[in-house]
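The next block holds one structure in the form of structure tokens; read it before the comments.
The values are calculated or read from the model by the stated rules, or taken from the named source; none is laboratory data. These numbers were taken from a predicted model, which means no experiment stands behind them. Because the Cβ atoms are built from the backbone with ideal geometry, glycine has one as well, and the counts that use them run over all protein chains shown. What goes into the accessible areas is simple: the full protein's heavy atoms, side chains included, and nothing from ligands, DNA or RNA. Shrake-Rupley method; radii C 1.70, N 1.55, O 1.52, S 1.80 Å.
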Amino acid sequence: MSVVEVHNLFKKYPSFELKDVSFQIDKGKITGFIGRNGAGKTTMIKSILNLIHTDGGSVSFFGIPVRERESEIKKRIGYSTGTVNWYPRKKIRDIAGIVKRFYDTWDDEAYRKYLRLFQLDETKTPLELSEGMKVKFNLLIALSHKAEVLILDEPTSGLDPFSRDELLNIFSELKNSGVAVFFSTHIISDIEKCADDIIYISEGRIIGALPKTDFMKKFSCDGEGLEDTILRMERGVEHA
Amino acid sequence: MRNILIKEMRLSASPLSYLFLLFGFMFFIPGYPILCGAFFVTFGIFQSFQTAREGNDIVFSALLPIRKRDIVKGKYLFVCLIEVWAVLLIAAVVVLRMTVLSGLPVYRNNALMNANLFALGMSFFVFGLFNLIFVGGFFRTAYKFGRPFVLYLIAVFLAIGGSEALHHFPGLGFLNAFGFEHIVSQFLLLTGGIIVYLLFTMLSYRISCRNFEKIDL
């Protein structure tokens, strides 16, 4: 069942353009959003979160257009990025204490549970957290208000292999509990390891949005792994 | 609305916004341009905009389940709250200077502006300028605050300089009234200051909401 539907999205900047982007994200699945640096991953994510204005197309969560009932939708989704520090000098406990006021779905028990699971010290500030712990902090907030969809922008970038592996295992656990996990990355092995569906973007255009096995069938040559496939396709696009 | 204000006060605000309220006591200082006290209060609020930007506050707020215009509302509520607290403190000082301290030679021989209801009205005017020029200017980008702050600095120092000079002009001596002298005029000037403050703030808020809707975060 699709929980996010993106149809024919356009966004034009002077030097970059998202062109006719369409895909969907399914409940209880991990969707890997892959593309090289500058391919349009963050622009795409900001578009679906309604943080930037698009020039055309539509985005809906749970069948509801995001522009119509944004507040209601945002109660049911969570966003995380490893690259942004929220309130770097405030304690996690204080940030969570404020955020919970905005969600009637906030679950203190879940907050405690994930605090323990992620081994986060709530008296620390984001400034004191490693990159991996920052992502976990964002996940903690999202999961404490029972987000049904997680939109994660480059959550594994900058993490050591152990932390990446740990995080991917967490994604798998969340998927099993019915959460839709959508994460962007330029690290193909992360997608290979845990994604059910793959969305591949290059130069602002979606090249493929398919279940992983179908993606491999359609784009891979014999004996080729996902990484080789994407690299070959990317070179092909460059030289087109 | 309450939640967004609490978020502003506890997460986005700089402690200096609260600490700089104490500059309201500058209205006690003789021989000093007392309206600088109101300016320093706004300088404290400015620190909160810096702290908020450091904390990626605008994007964080945009991800909360609230409308985009509620983010603007939260900022204005916080700014106005600090200004109202400052005005209450300044008003208490002004009342003391208009009553028990009114006859003190150190205030009587003061060449600069006297702390009276006109000065209180001008404090409202200073806060109105801050809301119109700085806060309104900030929400044109929701990121850049250097230019709006410089523009505000120019406007506020012209306003302070003008206020200090006015009572030296022929026929305007009543602006420097002591105690309850020219009390009707003083009340009218205070009322004028409050009206200008409200107009500037409401105008600024409406423009900010409109501009912020158009911004890509």
Practice prompt. Could you rank B:R140, A:R205 by how accessible they are, 1.4 Å probe, largest area first?
Written response: B:R140, A:R205
Worksheet item: Which angle between 0 and 90 degrees, to the nearest 10, do you get for helix A:226-238 versus the longest principal axis of chain A when only C-alpha atoms count?
Response: 60
Worksheet entry | Helical segments meeting 20 Å axial Cα length and Kyte-Doolittle 0.0 threshold in chain B (DSSP H) | B:35-54, B:68-98, B:146-166, B:183-214
Response to the item:
A correct Karplus calculation of ³J(HN,Hα) over the range A:63-77, with 6.51 cos²θ - 1.76 cosθ + 1.60, θ = phi - 60°, whole Hz and x for Gly and Pro, returns x, 10, x, 5, 6, 7, 10, 4, 4, 4, 5, 5, 5, 9, 10
Fill in: Spin-label pair A:S22/A:S172, simplified geometry with 7 Å Cα→Cβ offset, distance in nm
3.4
Worksheet item: Highest mean first, what order results for B:101-108, B:125-132, A:165-172 on Cβ atoms within 10 Å?
Response: B:125-132, A:165-172, B:101-108
Worksheet item: Rounded to a whole number, what % of the accessible area of the protein assembly as shown do carbon and sulfur atoms account for, probe 1.4 Å?
Response: 60
Fill in: Under 5 Å, built H, 5+ apart or other chain: amide partners of A:D26
A:V3
Discussion item. If I model the protein assembly as shown as equal point scatterers sitting on the Cα atoms and use the Debye formula, what is log10 I(q)/I(0) at q = 0.09 Å⁻¹?
Written reply: -0.68
Item to complete: Please give the average number of partner chain Cβ atoms lying within 10 Å of the Cβ of each residue in A:44-54, rounded to a whole number.
Response: 3
Discussion item. Loop-only trypsin sites (Lys or Arg not before Pro) in the range A:11-90, please: DSSP not H, G, I, E or B, and at most 16 other Cβ atoms within 10 Å.
Written reply: A:K27, A:R36, A:R67, A:R69, A:R89
Worksheet item: How much solvent-accessible surface does B:L190 expose, in Å² to the nearest 10, with a 1.4 Å probe and all protein chains in place?
Response: 20
Worksheet item: Over all distinct Cα pairs, what is the inverse of the mean 1/r for the range A:90-183, reported as the Kirkwood hydrodynamic radius in Å?
Response: 13.5
Practice prompt. Please average, across the residues of B:211-217, the number of beta carbons from any other chain that are within 10 Å of each residue's own beta carbon, and give a whole number.
Written response: 3
Item to complete: Whenever you get a sec, line up B:Y152, B:Y143 from highest to lowest accessible area (probe 1.4 Å, protein heavy atoms).
Response: B:Y143, B:Y152
Worksheet item: At what distance in nm do the modelled label points of B:L16 and B:W85 sit from each other, each positioned 7 Å from its Cα along Cα→Cβ?
Response: 1.6
Item to complete: Shielding by partners for A:190-199, please: the mean number of other protein chain Cβ atoms within 10 Å of each residue's Cβ.
Response: 0
